[in-house]
Amino acid sequence: MTAQLLDGRALAGRIEESLRAEVETFAGMFRRRPRLVVVLVGDMAASGSYVKSKAAAAERVGIDAEVIRVPAETDTAALVALVRGIARDAHGPADGILVQLPLPKHVDTVAVLDAVPPDRDVDGFHPENAGLLSQGRPRFIPCTAAGVQRMLIDADVPTAGRHAVIVGRSDIVGKPLALLLASKSPTIGGLRGQGGDATVTLCHSRSENLADHTRRADILVAAVGRPNLITADMVKPGAVVIDVGINRIEQDGKSRLVGDVDFEAVREVAGWISPVPGGVGPLTVVMLLANTLLAAELRGK
Ligand code: NDP
């Protein structure tokens with residue numbers, strides 16, 4: 001049996017459609033558009049292309065986006081000052097503020113992220129937003145985690161009582177996703193009780209016998225950053241496999257993007273599988289737009 005494809009690109013397109021209408025309603029009410037300000041430090045190719053796709057998607061739904069580029073040598077104090085200035089609207093009204101990660105090694109990432117006011121933290125990384133999520137009353141949910149949950153809901157994958165195994169415990173993906181899938185009867189997009197109430201196992205680099213955990217998963221999410229970490233023998237037949245990983249590899253003299261899952265082999269075992277690219281990536285971007293609109297609505301004016 002070949003798994004059904006979880007087409008993140010198509011789903012993101014549908015969510016964009018409805019966001020576009022909501023943005024128009026906001027613009028009609030407040031006589032302005034939601035506005036996102038992105039800080040891009042240095043000239044890493046991957047970060048540049050993520051920022052470009054975020055800005056292009058914002059434009060498609062009618063959200064204004066400004067990218068502020070600063071040199072890689074910029075130090076922590078200067079970046080904190082820049083973010084605080086953006087938060088005072090020194091660069092125009094900023095409903096959402098996003099600092100593209102990773103920052104250069106010499107920068108204190110936590111100090112810079114903490115300078116983003118929690119009510120404009122559209123990445124959902126501020127401790128206040130992380131705390132709200134952990135208490136089951138989320139405001140800004142980290143975009144990738146929200147995207148994975150949305151993917152499951154859209155495919156009508158039941159989560160209540162099912163065993164979800166997440167490999168990767170980062171603050172930006174694995175940990176918030178564990179909280180979301182374990183959350184009590186959440187209401188998402190008007191649907192009550194979907195996308196939550198799962199029994200969650202959170203694995204990481206110190207987990208022993210990883211395959212023993214993954215083989216028990218009804219829903220398996222890989223968010224590590226290692227090509228082919230998840231092989232077919234690690235997957236329960238019929239399981240839903242979501243691949244968050246993004247890895248650039250050289251193959252046959254060409255550079256290409258792959259996830260953490262051995263896609264071709266695992267698709268013969270799984271019931272559902274998300275591809276890379278075209279899976280979680282586009283949903284991450286569209287969830288950022290949803291958070292920016294929410295930030296604008298919370299701010300009003
Ligand atoms: P991090 O490097 O912050 O976290 C990786 C996690 O994987 C850690 O918890 C680490 O464990 C765990 N890990 C590492 N090696 C193993 C192993 N051999 N077995 C089990 N667990 C392991 O990464 P991110 O969470 O930021 O990103 C993960 C991946 O997702 C990356 O490929 C990234 O590019 C991609 N990504 C994709 C997005 C999208 O939109 N599709 C968005 C964000 C990220 P420990 O905690 O013990 O170190």
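Key figures for this structure:
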read-out: Listing of helices (runs of 4 or more DSSP H) fully contained in segment 56-164 that carry 1 or more residues being assigned by TED's automatic domain parsing to the domain that holds residue 273 and touching a strand residue (DSSP E or B) at 6+ places or on another chain (Cβ under 8 Å); value: 143-154
read-out: Filter pass, residue 151 being within 16 Å of the ligand (Cβ to nearest atom), within 19 Å of residue 274 (Cα to Cα) and without any contact (Cβ under 8 Å) to a residue 40 or more places away in the chain; value: no
read-out: Lone unmet requirement of (1) within 13 Å of the ligand (Cβ to nearest atom); (2) among the β-branched types (Val, Ile, Thr); (3) within 26 Å of residue 242 (Cα to Cα) for residue 109; value: (3)
read-out: Subset of segment 226-254 [assigned to a loop (DSSP other than H, G, I, E, B) and either over 16 Å from residue 274 (Cβ atoms) or in contact with a Ser or Thr (Cβ under 7 Å, 6 or more places away or on another chain) (or both)]; value: 226, 231, 235, 236, 237, 244, 252, 253
read-out: Every residue from segment 192-214 that is in contact with a strand residue (DSSP E or B) (Cβ under 9 Å, 6 or more places away or on another chain) and more than 14 Å from the ligand (Cβ to nearest atom); value: 193, 194, 195, 196, 198, 199, 200
read-out: Residue match in segment 288-297 (condition: under 20 Å from the mean Cα position of the chain (by Cα) and either near the ligand (Cβ under 10 Å from one of its atoms) or in a loop (DSSP other than H, G, I, E, B) (or both)); value: yes
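The values are calculated or read from the model by the stated rules, or taken from the named source; none is laboratory data. Everything quoted here is computed from the prediction, not taken from an experiment. Cβ atoms come from the backbone with ideal geometry, glycine included; neighbour counts cover every protein chain shown.
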